[in-house]
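Engineer: Pasting a structure below so you can have a look.
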Amino acid sequence: MLNTYLIGKHLNPARGEPLTESCCLCHRQPDGMTTGHQRKDVISNTFMDVGYLRFTNEICEYCAVCLGYGKPRTEHIKNYSYIANEYSLVRLKREDIWQHLFNPPEPPFVFAVTYNHKKHTSFRAPVNLSRDVFHVCTENEVIEVRPAAIAELAQVIQDWYTICKDTTQAPTWFTKAEILQGCDNFKRIEEYGTAKYFQQDAVIVPYRCTPLLGLLVHALNKAPMRETAIKNQERQ
């Protein structure tokens, strides 16, 4: 199963002429059914990922549409995070990513997350065959995710990113930057609970400066204010 096929089949690709040679990007062979386009009509001289290309002159309809061929720029798939499998392609808003990291679709599927909405991910993304261990493709790397193995880490960073005051700004106990780098605000640590902070920080430390933690923090959403925090605020 090819990554660009899983994605491109849902994008209503423009039909061309039957392939007569292998696709220059996914290497799909002519099969009498798949159509394609001339490479020069789809891939410009400014295409940066030349290392993925073969020296053939045609590109299949699925790879072409994944590169945006025949689509308005606002609809190019590189602009979005997404999950695609045989049955659907779902464009993800940032706040939707978290739930899919811990409940991915039935395989085979492709999972891509964009941080800057500029670089192609479609032809880089691995096709995942398991929900227990899978890979998420970003602009710069492919990240392995094992939901069961990171359950404690996920709970800790969600605790840290829980709303702690009932104000318009809805501040959290700690910011995303502090999850990534650690906190040096001792007053906030004391308010959160010093022992609890250092115990939980020890869970995060092994993941600091890793693409996995960066992905999780990017996807993390604020959790609602909890009852204990509400009671503490009422006593102040």
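Engineer: For the chain, calculate the relative contact order in percent as a whole number, restricting contacts to Cα pairs under 8 Å that are 6 or more residues apart. Show your work: numbers first, answer last.
Structural biologist: Values: 381 pairs, mean separation 36.3, N = 236.
Relative contact order for the chain comes out at 15 percent.
Engineer: Can you check what the net charge comes to around Cys24, using other residues whose Cβ is under 11 Å from the Cβ of Cys24 (Lys, Arg +1; Asp, Glu -1)?
Structural biologist: Result for the local shell: +2.
Engineer: List the relative contact order of the range 151-235 as a percent without decimals, with contacts defined as Cα pairs under 8 Å and 6+ residues apart.
Structural biologist: Details: 78 pairs, mean separation 37.8, N = 85.
Over the range 151-235, the number comes to 45 percent.
Engineer: Something else now. Extending each Cα 7 Å along its Cβ direction at Glu86 and Gln155, get the distance between those two points in nm, one decimal.
Structural biologist: Placing both labels 7 Å along Cα→Cβ, they lie 3.6 nm apart.
Engineer: Calculate, in whole percent, how much of the Cα-Cα pair population of the range 151-235 lies beyond 16 Å.
Structural biologist: Numbers: 1783 of 3570 pairs.
Considering the range 151-235, 50 percent of its Cα-Cα pairs are separated by more than 16 Å.
Engineer: While we're looking at this one, here's another question. Less than 15 Å Cβ to Cβ from Pro104, Lys/Arg counted +1 and Asp/Glu -1: what total charge do the surrounding residues give? Don't jump to the answer; show the numbers that get you there.
Structural biologist: Details: positive: Arg131, Arg146; negative: Glu86, Asp96, Glu106, Asp132, Glu144.
Charge balance near Pro104 sits at -3.
Engineer: Ranking Arg73, Arg39 by Cβ neighbours within 10 Å, fewest first, what do you get?
Structural biologist: Details: Arg73 8, Arg39 20.
Taking fewest neighbouring Cβ atoms as first place, the list is Arg73, Arg39.
Engineer: Under 17 Å between C-alpha atoms is the cut-off here; go through the chain and count lysine pairs that meet it, provided they're at least eight residues apart or on different chains.
Structural biologist: Value for the chain: 17.
Engineer: May I pose another question? Highest GNM mean-square fluctuation, the chain, Cα pairs closer than 10 Å: which of Ala151, Ala219, Ala14?
Structural biologist: Ala151
Engineer: Follow-up question, since we're still on this one. Name the residue, out of Arg94, Arg146, Arg226, whose mean-square fluctuation peaks in a Gaussian network model built on the chain with Cα pairs under 10 Å.
Structural biologist: Arg226
Engineer: Let me ask something else. Please give the net charge around Arg146, taking every other residue with its beta carbon less than 14 angstrom from that of Arg146, where Lys and Arg add +1 and Asp and Glu add -1. Mind showing how you got there, number by number?
Structural biologist: On the way: positive: Arg131; negative: Asp132, Glu144, Glu152.
With Lys, Arg at +1 and Asp, Glu at -1, the neighbours total -2.
Engineer: Normalising by the residue count of the range 1-127, find the relative contact order in percent from Cα pairs under 8 Å and 6+ residues apart.
Structural biologist: Values: 220 pairs, mean separation 36.1, N = 127.
In percent, rounded to a whole number, it is 28.
Engineer: If you don't mind, another one. Pull out the extension gain between Glu75 and Leu53, defined as 0.36 nm times the separation in residues minus the alpha carbon to alpha carbon distance; nm, one decimal. Spell out each step's value before the answer.
Structural biologist: Details: separation 22, 0.36 × 22 = 7.92 nm, distance 2.34 nm.
My answer for the length gained is 5.6 nm.
Engineer: Which order results if Phe186, Phe174 are arranged by neighbouring Cβ count within 10 Å, fewest first? All intermediate terms of the calculation are to be shown ahead of the outcome.
Structural biologist: Numbers: Phe186 10, Phe174 23.
Ascending number of Cβ neighbours within 10 Å: Phe186, Phe174.
Engineer: Can you give the FRET efficiency to the nearest 0.05 for Asn116 and Arg146, using r as the Cβ-Cβ distance and R₀ = 25 Å?
Structural biologist: 0.45
Engineer: A further question on this structure: Fewest first, what order do Glu58, Glu190, Glu139 take by the number of other Cβ atoms within 10 Å? Kindly include the intermediate steps, with their values, before the conclusion.
Structural biologist: Working: Glu58 26, Glu190 10, Glu139 16.
Listing Glu58, Glu190, Glu139 from fewest to most nearby Cβ atoms yields Glu190, Glu139, Glu58.
Engineer: Still on this structure: The range 172-207 to the range 38-89: how many Å between their Cα centroids?
Structural biologist: 42 Å
Engineer: Taking Cα extents along the principal axes in Å as the quantity of interest, determine which of (1) 70, 42, 34; (2) 74, 33, 32; (3) 50, 43, 30 was computed from the displayed structure.
Structural biologist: (2)
Bear in mind that the values in this text are calculations on the coordinates, not laboratory data. Since this is a predicted model, take the numbers as computed values, not measurements. Here Cβ is always computed from backbone atoms with ideal geometry, including for glycine, and neighbour counts include all displayed protein chains.
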